[in-house]
1. Please give the strands (runs of 3 or more DSSP E) falling wholly within the stretch 93-210 in which 2 or more residues are open to solvent by less than 20 Å² (accessible area, probe 1.4 Å) and either in contact (Cβ under 8 Å) with a residue 40 or more places away in the chain or not polar (S, T, N, Q) (or both).
2. Out of Ala148, Ala185, which single residue is of a type outside the set (D, E, K, R) and more than 14 Å from the chain's Cα centre (by Cα)?
3. Take Ile64 and tell me if it is open to solvent by 70 Å² or more (accessible area, probe 1.4 Å), in contact (Cβ under 8 Å) with a residue 24 or more places away in the chain and either in a loop (DSSP other than H, G, I, E, B) or not aromatic (Phe, Trp, Tyr) (or both).
4. Go through Thr89, Thr83, Thr75 for me and flag whichever is open to solvent by 40 Å² or more (accessible area, probe 1.4 Å), modelled with pLDDT of 95 or more and touching a Phe, Trp or Tyr at 6+ places or on another chain (Cβ under 8 Å).
Amino acid sequence: GEASGTVRVWVDGALVIDEAAYDLVDTDVGGCDYVEWTSQGSHNSISQIFVYDISGAAPWNAYIGDKRIYPLLPTGDDTVAWTRSGGATNAILVDDPLSANADGDTTYVGTASAATDDVYTMANLPADVTGVISVIVAVEAKKTDAGAPPGGGVLDALVEASGGTQVSKQLTNALTTGYLEYQVAYDDEPGGSGWDRTKVDGAKFGPSIP
(Lines give C-alpha, C1' and ligand atoms only; values in the text may rest on other atoms or scores of the structure.)
Protein backbone atom coordinates (compact mmCIF):
# COMPACT_ATOMS: atom_id res chain seq x y z
CA GLY A 1 0.00 0.00 0.00
CA GLU A 2 0.85 3.69 0.07
CA ALA A 3 1.12 5.01 3.64
CA SER A 4 0.67 8.68 2.66
CA GLY A 5 -3.06 9.28 2.97
CA THR A 6 -4.95 11.36 5.51
CA VAL A 7 -8.34 10.50 7.00
CA ARG A 8 -10.39 13.04 8.91
CA VAL A 9 -13.93 12.47 10.16
CA TRP A 10 -16.17 15.19 11.62
CA VAL A 11 -19.35 14.44 13.54
CA ASP A 12 -21.72 17.34 14.26
CA GLY A 13 -18.94 19.78 13.41
CA ALA A 14 -16.34 18.18 15.71
CA LEU A 15 -13.21 16.47 14.37
CA VAL A 16 -13.30 12.97 15.91
CA ILE A 17 -10.80 11.06 13.73
CA ASP A 18 -7.56 12.56 12.37
CA GLU A 19 -5.15 10.02 10.92
CA ALA A 20 -2.05 10.99 8.92
CA ALA A 21 0.33 8.73 6.94
CA TYR A 22 -2.51 6.28 6.60
CA ASP A 23 -2.40 3.34 4.19
CA LEU A 24 -5.49 4.03 2.08
CA VAL A 25 -5.02 2.11 -1.18
CA ASP A 26 -3.09 -0.66 -2.86
CA THR A 27 -0.42 0.54 -5.25
CA ASP A 28 -2.35 -1.06 -8.13
CA VAL A 29 -5.46 1.09 -7.58
CA GLY A 30 -5.60 4.02 -9.99
CA GLY A 31 -8.88 5.58 -8.91
CA CYS A 32 -12.15 5.25 -7.05
CA ASP A 33 -15.59 4.94 -8.64
CA TYR A 34 -17.74 4.98 -5.49
CA VAL A 35 -17.73 4.80 -1.70
CA GLU A 36 -19.92 2.21 -0.02
CA TRP A 37 -21.17 1.94 3.56
CA THR A 38 -22.14 -1.44 4.90
CA SER A 39 -23.73 -2.42 8.19
CA GLN A 40 -23.74 -5.57 10.29
CA GLY A 41 -26.82 -4.39 12.16
CA SER A 42 -30.19 -2.94 11.26
CA HIS A 43 -30.27 0.26 13.30
CA ASN A 44 -27.84 2.58 11.54
CA SER A 45 -29.24 5.88 10.29
CA ILE A 46 -27.26 8.27 8.08
CA SER A 47 -28.75 11.63 7.20
CA GLN A 48 -26.22 13.46 5.04
CA ILE A 49 -22.94 12.18 3.53
CA PHE A 50 -20.32 14.17 1.62
CA VAL A 51 -17.22 12.55 0.11
CA TYR A 52 -14.54 14.65 -1.59
CA ASP A 53 -10.73 14.67 -1.81
CA ILE A 54 -9.96 18.27 -0.66
CA SER A 55 -8.45 19.13 -4.05
CA GLY A 56 -9.40 21.86 -6.51
CA ALA A 57 -10.95 25.23 -5.79
CA ALA A 58 -12.72 26.41 -2.66
CA PRO A 59 -14.82 25.27 -0.92
CA TRP A 60 -13.80 21.73 -1.88
CA ASN A 61 -10.17 22.13 -0.78
CA ALA A 62 -11.04 22.17 2.94
CA TYR A 63 -13.65 20.99 5.41
CA ILE A 64 -17.00 22.34 4.20
CA GLY A 65 -18.73 22.28 7.56
CA ASP A 66 -22.23 21.17 8.45
CA LYS A 67 -24.33 21.06 5.27
CA ARG A 68 -27.63 19.58 4.16
CA ILE A 69 -28.95 18.09 0.93
CA TYR A 70 -32.35 19.36 -0.21
CA PRO A 71 -34.02 17.29 -2.96
CA LEU A 72 -36.08 19.47 -5.29
CA LEU A 73 -38.63 18.03 -7.74
CA PRO A 74 -40.12 19.45 -10.97
CA THR A 75 -43.22 21.62 -10.54
CA GLY A 76 -44.01 22.76 -14.09
CA ASP A 77 -43.04 22.74 -17.76
CA ASP A 78 -40.72 25.39 -19.16
CA THR A 79 -39.53 24.32 -22.63
CA VAL A 80 -40.53 20.73 -23.29
CA ALA A 81 -40.03 18.65 -26.44
CA TRP A 82 -40.23 15.08 -25.16
CA THR A 83 -43.33 12.91 -25.51
CA ARG A 84 -45.56 12.30 -22.49
CA SER A 85 -46.84 8.89 -21.48
CA GLY A 86 -50.07 10.69 -20.57
CA GLY A 87 -51.29 13.50 -18.37
CA ALA A 88 -51.41 17.24 -18.89
CA THR A 89 -47.75 18.26 -18.41
CA ASN A 90 -44.32 16.70 -18.73
CA ALA A 91 -43.22 17.82 -15.28
CA ILE A 92 -45.99 15.96 -13.46
CA LEU A 93 -44.80 12.70 -15.02
CA VAL A 94 -41.25 13.02 -13.67
CA ASP A 95 -41.85 14.48 -10.22
CA ASP A 96 -41.21 11.21 -8.35
CA PRO A 97 -38.37 10.87 -5.86
CA LEU A 98 -35.58 8.74 -7.27
CA SER A 99 -34.94 5.01 -6.85
CA ALA A 100 -37.36 3.10 -4.62
CA ASN A 101 -40.10 5.72 -4.81
CA ALA A 102 -40.04 6.23 -8.59
CA ASP A 103 -42.91 4.64 -10.52
CA GLY A 104 -40.89 3.31 -13.47
CA ASP A 105 -42.93 3.04 -16.67
CA THR A 106 -46.20 4.14 -15.07
CA THR A 107 -45.45 7.81 -15.84
CA TYR A 108 -42.52 9.03 -17.92
CA VAL A 109 -41.33 11.25 -20.75
CA GLY A 110 -39.27 10.06 -23.70
CA THR A 111 -37.91 11.01 -27.09
CA ALA A 112 -36.79 9.33 -30.30
CA SER A 113 -35.07 12.50 -31.55
CA ALA A 114 -31.58 13.87 -31.00
CA ALA A 115 -31.00 17.53 -30.11
CA THR A 116 -34.07 17.76 -27.88
CA ASP A 117 -34.46 19.10 -24.34
CA ASP A 118 -37.14 18.76 -21.68
CA VAL A 119 -36.73 21.63 -19.23
CA TYR A 120 -38.76 22.14 -16.04
CA THR A 121 -39.25 24.67 -13.29
CA MET A 122 -38.45 23.26 -9.86
CA ALA A 123 -39.60 23.58 -6.28
CA ASN A 124 -37.90 26.34 -4.29
CA LEU A 125 -35.37 25.85 -1.55
CA PRO A 126 -36.54 26.44 2.04
CA ALA A 127 -36.51 30.10 2.98
CA ASP A 128 -33.97 29.55 5.77
CA VAL A 129 -31.23 28.34 3.40
CA THR A 130 -28.39 30.85 3.67
CA GLY A 131 -25.82 29.42 1.25
CA VAL A 132 -25.44 26.89 -1.58
CA ILE A 133 -22.14 25.22 -2.47
CA SER A 134 -23.30 23.00 -5.33
CA VAL A 135 -26.31 21.82 -7.32
CA ILE A 136 -26.53 18.17 -8.34
CA VAL A 137 -28.85 17.18 -11.17
CA ALA A 138 -30.07 13.59 -10.83
CA VAL A 139 -31.97 11.72 -13.54
CA GLU A 140 -33.33 8.19 -13.63
CA ALA A 141 -33.38 6.99 -17.25
CA LYS A 142 -33.17 4.06 -19.63
CA LYS A 143 -33.34 3.29 -23.34
CA THR A 144 -36.24 1.21 -24.65
CA ASP A 145 -34.46 -1.20 -26.98
CA ALA A 146 -31.06 -2.79 -27.48
CA GLY A 147 -30.07 -0.52 -30.37
CA ALA A 148 -28.36 2.84 -30.22
CA PRO A 149 -30.79 5.51 -28.96
CA PRO A 150 -30.91 9.06 -30.37
CA GLY A 151 -27.73 11.01 -29.78
CA GLY A 152 -25.72 7.78 -29.73
CA GLY A 153 -26.76 6.97 -26.18
CA VAL A 154 -25.45 10.20 -24.65
CA LEU A 155 -27.70 11.76 -22.01
CA ASP A 156 -26.97 15.25 -20.69
CA ALA A 157 -28.30 17.29 -17.79
CA LEU A 158 -29.26 20.82 -18.79
CA VAL A 159 -29.30 23.77 -16.40
CA GLU A 160 -30.70 27.16 -17.39
CA ALA A 161 -29.96 30.20 -15.24
CA SER A 162 -32.68 32.75 -14.55
CA GLY A 163 -31.04 35.05 -17.13
CA GLY A 164 -31.39 32.41 -19.84
CA THR A 165 -27.82 31.09 -20.05
CA GLN A 166 -27.80 27.32 -20.54
CA VAL A 167 -25.09 24.75 -19.78
CA SER A 168 -25.23 21.00 -20.39
CA LYS A 169 -23.06 18.33 -18.77
CA GLN A 170 -22.90 14.70 -19.79
CA LEU A 171 -24.64 12.27 -17.45
CA THR A 172 -23.75 9.11 -19.37
CA ASN A 173 -22.82 7.86 -22.84
CA ALA A 174 -24.11 4.34 -22.23
CA LEU A 175 -27.81 4.16 -21.42
CA THR A 176 -29.03 0.67 -20.56
CA THR A 177 -32.42 -1.02 -21.02
CA GLY A 178 -33.01 -0.90 -17.26
CA TYR A 179 -33.49 2.23 -15.19
CA LEU A 180 -30.32 3.64 -13.62
CA GLU A 181 -29.73 6.85 -11.70
CA TYR A 182 -27.27 9.36 -13.17
CA GLN A 183 -25.92 12.46 -11.44
CA VAL A 184 -23.72 15.42 -12.31
CA ALA A 185 -22.71 18.41 -10.19
CA TYR A 186 -22.79 22.11 -11.08
CA ASP A 187 -20.66 24.14 -8.68
CA ASP A 188 -21.44 27.40 -10.50
CA GLU A 189 -24.57 28.92 -11.98
CA PRO A 190 -24.45 28.89 -15.81
CA GLY A 191 -22.74 32.10 -16.86
CA GLY A 192 -22.08 33.01 -13.23
CA SER A 193 -19.81 32.23 -10.32
CA GLY A 194 -21.43 30.25 -7.54
CA TRP A 195 -24.97 29.65 -6.34
CA ASP A 196 -27.24 31.18 -3.76
CA ARG A 197 -30.87 30.46 -2.85
CA THR A 198 -32.26 33.06 -5.27
CA LYS A 199 -30.24 31.66 -8.18
CA VAL A 200 -31.34 28.10 -7.46
CA ASP A 201 -34.98 29.13 -7.17
CA GLY A 202 -34.78 30.92 -10.54
CA ALA A 203 -32.99 28.12 -12.41
CA LYS A 204 -34.56 25.44 -14.59
CA PHE A 205 -33.40 21.87 -15.10
CA GLY A 206 -34.01 18.89 -17.32
CA PRO A 207 -32.66 16.05 -19.45
CA SER A 208 -31.14 16.73 -22.85
CA ILE A 209 -30.18 14.60 -25.86
CA PRO A 210 -27.28 16.30 -27.72
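1. Per the criteria, 116-122, 135-141, 155-160, 204-209.
2. Just one listed residue meets the conditions, Ala148.
3. Details: open to solvent by 70 Å² or more (accessible area, probe 1.4 Å): no; in contact (Cβ under 8 Å) with a residue 24 or more places away in the chain: yes; either in a loop (DSSP other than H, G, I, E, B) or not aromatic (Phe, Trp, Tyr) (or both): yes.
Here the answer is no, as Ile64 does not meet what is asked.
4. Numbers: Thr89 fails: touching a Phe, Trp or Tyr at 6+ places or on another chain (Cβ under 8 Å); Thr83 fails: touching a Phe, Trp or Tyr at 6+ places or on another chain (Cβ under 8 Å).
Going through Thr89, Thr83, Thr75 in turn, the sole match is Thr75.
Matching residues to (1) open to solvent by 70 Å² or more (accessible area, probe 1.4 Å); (2) touching a Phe, Trp or Tyr at 6+ places or on another chain (Cβ under 9 Å); (3) at pLDDT below 70; (4) within 30 Å of Asp188 (Cβ to Cβ):
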residue	(1), (2), (3), (4)
Val25	no, no, yes, no
Ser42	yes, no, yes, no
Ser47	yes, no, yes, yes
Ser55	no, no, no, yes
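The values are calculated or read from the model by the stated rules, or taken from the named source; none is laboratory data. The shown structure was predicted, so the numbers you read here are calculated from the model rather than taken from an experiment. Neighbour counts run over all protein chains shown; Cβ positions are idealised from the backbone, glycine included. Just the protein is used for accessible areas: all its heavy atoms, side chains included, with ligands, DNA and RNA removed. Shrake-Rupley method; radii C 1.70, N 1.55, O 1.52, S 1.80 Å.
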